[in-house]
1. Given H placed on each backbone N at 1.01 Å, which residues far from Ile17 in sequence or on other chains put an amide H within less than 5 Å of it?
2. As a test, work out the antiparallel percent of DSSP beta bridges whose residues both lie in segment 9-90, rounded to the nearest 5.
3. May I ask you to sort Tyr18, Tyr50 by Cβ crowding, counting other Cβ atoms within 10 Å and putting the fewest first?
4. Sort Leu72, Leu52 by Cβ crowding within 10 Å, fewest neighbours at the top.
5. Compute the Kirkwood hydrodynamic radius of the chain, taking the inverse of the mean of 1/r over all pairs of distinct Cα atoms, and give it in Å to one decimal.
6. Which cross-chain or sequence-distant (5 or more) residues have an amide H under 5 Å from the amide H of Lys61, H modelled 1.01 Å from N in plane?
Amino acid sequence: MLNNKKAIFHDKNGRKIYPDSLLYDEVANEYFFPYRKNGVWGDDFLGDFYPLKASQLILQKKHASMDDMKLLMKLPNESDAIFNTEGFINGK
């Protein structure tokens with residue numbers, strides 16, 4: 001079981017990221033939950049693993065759930081964004 005109270009990384013603004021944080025990647029236009037693979041935190045997208053890069057990340061919510069991601073999905077200005085649930089389902 002992961003400790004959701006211990007920060008695993010930080011975003012481009014220096015805000016702490018936790019295992020259950022909801023993140024936005026500016027370059028990929030993607031919302032995701034961190035995924036841990038071989039001890040490294042990153043983004044698992046369609047079987048490809050990308051380590052976290054602080055310069056691309058914006059913390060959306062420090063401790064989030066799928067309900068938080070669903071709320072973002074409903075926003076009209078996010079219709080072209082990618083919503084990746086892989087980390088939430090398998091990264092815990």
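1. Under 5 Å from the amide H of Ile17: Ile8, Phe9, His10, Asp11.
2. Antiparallel bridges make up about 85 percent of those DSSP assigns within segment 9-90.
3. Placing the least packed residue first, the sequence is Tyr50, Tyr18.
4. Least crowded to most crowded, the residues run Leu72, Leu52.
5. In the chain this quantity evaluates to 13.0 Å.
6. Leu22
Just so you know, all these numbers are worked out from the coordinates, no wet-lab data involved. As the structure is a computational prediction, the values presented were derived from the model and not from experiment. For neighbour counting, all protein chains shown are included, and Cβ atoms are generated from backbone atoms with ideal geometry for every residue, glycine included.
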